[in-house]
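Taking it in order: structure first as structure tokens, then the write-up.
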Amino acid sequence: MSYQLSDLPYAYDALAPHIGPQTLKIHHGKHHRAYVDRLNELTEGNIDSDAKLQHLLGKADGALFDQAAQVWNHSFYWQSMSPDGGGNPDGELAKALASAFGSVERFRTEFAEAAKGTFGSGWAWLVQDRDGKLRVINTSNADTPIRHDLTPLLTIDVWEHAYYLDYQNDRGAYVETFLKHVLNWSFVASNFTTAFRDMMRRPGEIFEAPGDVLDHPALSKTQRIEVLQQWRYDAVQLQVAAQENMTGGEQGAGFIEKIDQALTQLDRN
Ligand SMILES: [Fe+2]
């Protein structure tokens, strides 16, 4: 079983007039398909799932990395756009963007600058780093944030094949239209929630000082409470397990007390 080209999540003409059907037909049906075909050739059909593909992105080099990353990046790019796109984010994502960049508008400017400023072919991304901080980056050619231990939340393809038929060499117009009309905020919000949950459950985090959560720059108040409550739950489970195994659990009681103090402090502010 080989890797299958992912379906476009909308019809070829669904993003018109912003991104025309001819662009999507060629971009998805020819370029993306060619990366998938080449990946299957190079791996002799051994990559047959997204999990295996992501694993490959962490260790492959040369042509194999290039094909695998381009397959993954394009699937992520299709989802970064929607016929109902554009507008503004809301909820926790909007707060996190304002906290990281100063405002959602400022985020848009940074993202546009990264996309327009990518030399040659590549991608611009909104990512979350291992500390939960949101950042805008760009990558060259096939390179992908997954390789750099960053969690992608949004991307725009700035290879010429993504915009030439609609905008010729005016990459700026394509980037501005992407941000204004097709950017799929629901997809970004869903990636943000998943990345936040993963971070919350990172092994070892529970043994860090609960007080640090109070000043965590990447988290809103709601998220700080959520993190602490999750840690408290995990700590109680560990304590119960320790008592059942007759290995004490006194240490756990100290952590729970610190978590409760941090929660009380958040409640007062
Ligand atoms: Fe592309």
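The values are calculated or read from the model by the stated rules, or taken from the named source; none is laboratory data. All values derive from a computational prediction rather than experimental measurement. So basically every Cβ, Gly included, is an ideal-geometry build from the backbone, and we count neighbours across all protein chains shown.
Given (1) more than 16 Å from the ligand (Cβ to nearest atom); (2) in a helix (DSSP H, G or I); (3) under 20 Å from the mean Cα position of the chain (by Cα); (4) polar (S, T, N, Q), where does ASN88 come up short, assuming only one miss?
(2)
Restricting attention to segment 178-187, does a residue exist that is small (Gly, Ala, Ser), away from the ligand (no atom under 15 Å from the Cβ), farther than 14 Å from TYR77 by Cβ and modelled with pLDDT of 95 or more?
Of segment 178-187, the ones small (Gly, Ala, Ser) are 186.
Retained after the next criterion (residues that are away from the ligand (no atom under 15 Å from the Cβ)): 186.
Now drop any that are not farther than 14 Å from TYR77 by Cβ, which leaves 186.
Of the ones still in play, those that are also modelled with pLDDT of 95 or more are 186.
Scanning segment 178-187, I find at least one residue that is small (Gly, Ala, Ser), away from the ligand (no atom under 15 Å from the Cβ), farther than 14 Å from TYR77 by Cβ and modelled with pLDDT of 95 or more, so the answer is yes.
Of the residues that sit in segment 26-65 and are on the phi > 0 side of the Ramachandran plot and in a loop (DSSP other than H, G, I, E, B), which one is nearest to the chain's Cα centre (by Cα)? Can you show your working first?
From segment 26-65, those on the phi > 0 side of the Ramachandran plot are 44-45, 62; that's our starting set.
From what is left, the residues that are in a loop (DSSP other than H, G, I, E, B) are 44-45.
Numbers: GLU44: 29, GLY45: 27 Å.
Residue satisfying both the conditions and the ranking: GLY45.
Of SER6, SER2, SER99, which residue is surrounded by fewer than 16 Cβ atoms within 10 Å (Cβ to Cβ), of a type in the set (Ser, Thr, Tyr) and part of a loop (DSSP other than H, G, I, E, B)? Spell out how you get there, then give the answer.
Working: SER6 fails: surrounded by fewer than 16 Cβ atoms within 10 Å (Cβ to Cβ); SER99 fails: part of a loop (DSSP other than H, G, I, E, B).
Unique residue meeting the criteria: SER2.
I'd like the full set of residues that are touching a residue at least 60 places away in the same chain (Cβ under 8 Å) and away from the ligand (no atom under 15 Å from the Cβ), limited to segment 153-167.
LEU154
Given the conditions (1) in a helix (DSSP H, G or I); (2) modelled with pLDDT of 95 or more; (3) in contact with a Phe, Trp or Tyr (Cβ under 8 Å, 6 or more places away or on another chain), and given that PRO152 satisfies all but one, which numbered condition is not satisfied?
Here PRO152 meets the rest and fails (1).
Looking at segment 113-149, which of the residues that are among the charged types (D, E, K, R) and assigned to a loop (DSSP other than H, G, I, E, B) is farthest from the ligand (Cβ to nearest atom)? Break it down into steps so the answer makes sense when it comes.
Pass one, segment 113-149, residues among the charged types (D, E, K, R): 113, 116, 129-131, 133, 135, 143, 147, 149.
Filter once more, keeping what is assigned to a loop (DSSP other than H, G, I, E, B): 129-131, 133, 143, 149.
Numbers: ASP129: 25, ARG130: 28, ASP131: 30, LYS133: 27, ASP143: 13, ASP149: 24 Å.
Among those residues, the one meeting the criterion is ASP131.
TRP78: under 19 Å from VAL182 (Cβ atoms), assigned to a strand (DSSP E or B) and within 16 Å of the ligand (Cβ to nearest atom), yes or no? Break it down stepwise before answering.
Working: under 19 Å from VAL182 (Cβ atoms): yes; assigned to a strand (DSSP E or B): no; within 16 Å of the ligand (Cβ to nearest atom): yes.
So TRP78 does not fit the description; no.
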